[in-house]
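Heads up: the structure comes next, in structure tokens.
Since every read-out is calculated from the coordinates, none of them should be taken as a lab result. Just so we're clear, the structure is a prediction, and the values are computed from it rather than from any experiment. As a convention, Cβ positions derive from the backbone with ideal geometry for all residues, glycine included, and neighbour counts pool all protein chains shown.
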Amino acid sequence: MNKQLTLYQLNSQIKDSLQLAFPESLWVVAEIGEIKVNRNGHCYIELVEKDNSSDEIIARARATIWSWQFRFIQPYFESTTGQSMTAGLKVLVYVNVAFHEAYGLSVNITDIDPSYTLGDMARKRKEVIEKLTSDGIIDMNKEIDFPDIPSRIAIISSPTSAGYEDFMNQLHSNNNGYSFNTQLFEANMQGTKSAQSIIDALEHIYTIENRFDVVVIIRGGGSQMDLSCFDDYELAYHVAQFPLPVLTGIGHEKDESVTDMVAYKKLKTPTAVAEFLIEKFDIVHELIYTFETELAGIIDDILKHEENRVNQALRLFKPVVKASIEKAQMQLYKRTSKLEPIINELIDSENNNLSSISNQIKYNTQTLFTKHQTTLNTLLQNTAFYSKVNSTNALQTIDTLAEKTKNITQQQLNNEESKLIWLEKSCKILDPKSILKRGFSITLKNGKAIKSDHELNDGDLIESLLFEGKIQSEIKKQK
């Protein structure tokens, strides 16, 4: 049977072997898997190593930084790197390996090299930038046309972030009263899941991109490690190819993140992002004011120019109009002088006709009266002759004939008198002055009365005689 060992003897041999194998402390490269600090100030770290291709853990070890050493190592690392010691960092630590029979293996960290961590972060950042460049997308977002008035804003931030509150206050309290329509898309802005959380917010905005003009990614300040998510390749990839311009206000003034590089524009703080958007409105406002001023000047010049032209035209046109009126008045006077004899001749002719008719009526009346008087005398003679035969019948016949003669004579007189009155009225109605007084006019061409539009041609000058005055016209269109 082989020699038997107790557990203590086994652990003692392991301890001796480790002391021979690792007689001195050495530098070890590893990634921080977990880190905890207890209330006594001791720091317990799980160091891991991952496969480069599969990202699977291929080695793991627990390490300790005792409190008296951690008080110096932690501030040294953070002041040098600008970030806290946290899971996910790749570090170069100075360790000694020890084995205790009762407590087992222990890896004690006595020092740390912050420059290695910075170099590793810079290396990863450089690899991301080179990949984005080789993909040909690093400047894609910068090539998008920025809207003149970015009033519809999609905001990616944490609702409890001080940076978000600063941004909203600055934006909505602008001095000129510009109106902005904002919508928050919540995301984790630090931690291992922050990059994917921001990507999810971008994808949500993409489904409704027509509602927005610009995307803003903002958060307050933080350590370099807190902001390391913004160097993530996938996040930078989504920002670079996003169809809307992306503005970043992550709140740090040191080295810009990869997300800052691929965004349309990087601004130092959330407040600076709000000021940038307000300035875009100021530019448009100033441009509109300039256009209004220039337009007002142009309109004023045009009005003054046209006013001068009108005044000049009036000065030139007034004598021409006056001369035309005087000429028309002279021609009207001449035509009136020619027309007056014609009218008087017409009136005389109608008066003569009226006199002839009146004389004729008087003659016919006298003739009729004489005829009936003769008849009456004859009847009277016959009555006297026959009175001896039948005085009573004769008298009746005489009375009847006398009454009949009287009625016939009166009726004839009345008819002739009515004709006479009608003829007098007709003469008055036919009087040209009466016709003109009722609103009618007499149209003359070359001094002759016009009876049909067939006597007129385009361009003919005609003269209209009114009861008082004359009007001269020109035929423009003959229908």
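Quick notes on this structure:
- Gained length - Lys265 relative to Glu56, 0.36 nm times residue gap less alpha-carbon distance: 71.6 nm
- Hydrophobic, long helices, defined as DSSP H runs whose alpha-carbon span along the helix axis is 24 Å or greater and whose mean Kyte-Doolittle value is at least -1.0, occur in the chain at 114-134, 270-430.
- Projecting label points 7 angstrom from Cα along Cα→Cβ for Tyr103 and Lys425 puts them 14.8 nm apart.
- The range 167-181 and the range 91-165 have their alpha-carbon centroids 33 Å apart.
- Ile462/Thr370 FRET efficiency (R0 60 Å; Cβ-Cβ; nearest 0.05): 0.60
- Pairs from the list Lys124/Lys265; Lys36/Lys90; Lys371/Lys404; Lys404/Lys425; Lys90/Lys268; Lys338/Lys425 with a Cα-Cα gap above 21 Å: Lys124/Lys265; Lys404/Lys425; Lys90/Lys268; Lys338/Lys425.
- Assigned charges on the beta-carbon of Lys, Arg, Asp, Glu; the range 141-268 dipole about Cα centre (debye): 220
- In this simple spin-label model, placing a label point 7 Å from the Cα along the Cα-to-Cβ direction at both Ser418 and Ser358 gives a separation of 2.1 nm.
- FRET efficiency, Glu307 to Ile475 (Cβ-Cβ, R0 30 Å, nearest 0.05): 0.25
- Burial ranking of peptide ranges 104-114, 347-357 (average Cβ count within 10 Å, highest at the top): 104-114, 347-357
- Environment charge of Asn174, counting only residues whose C-beta is closer than 14 Å and scoring Lys/Arg +1, Asp/Glu -1: -3
- Note on the chain: with charges restricted to the Cβ of Lys and Arg (+1) and Asp and Glu (-1), its dipole about the Cα centre is near 4440 debye.
- Estimated FRET transfer efficiency (Glu78, Gln13; beta-carbon r; R0 30 Å; 0.05): 0.15
- Positive-pole candidate from Thr409, Ile298, Ile475, dipole of the chain, charges at beta carbon: Thr409
- Put a dot 7 Å past the Cα of Asn169, heading toward its Cβ, do the same for His454, and the two dots end up 9.8 nm apart.
- Label zone at Leu118, where the point sits 7 Å out along the Cα-to-Cβ direction: the range 79-109 residues whose backbone N lies under 19 Å: 79-86, 89-94
- Selection from Asn210, Leu235, Leu171, by position along the positive dipole direction of the range 141-268 (Cβ): Leu171
- Net length gained if the chain between Ser179 and Gln196 were fully extended (0.36 nm per residue, minus Cα distance): 3.0 nm
- If both residues of a DSSP beta bridge must be in the chain, then about 70% of such bridges are antiparallel.
- Selection among Asn38, Trp27, Gly220 by position relative to the dipole of the chain gives Gly220 as farthest towards the positive end (Cβ unit charges, Cα centre).
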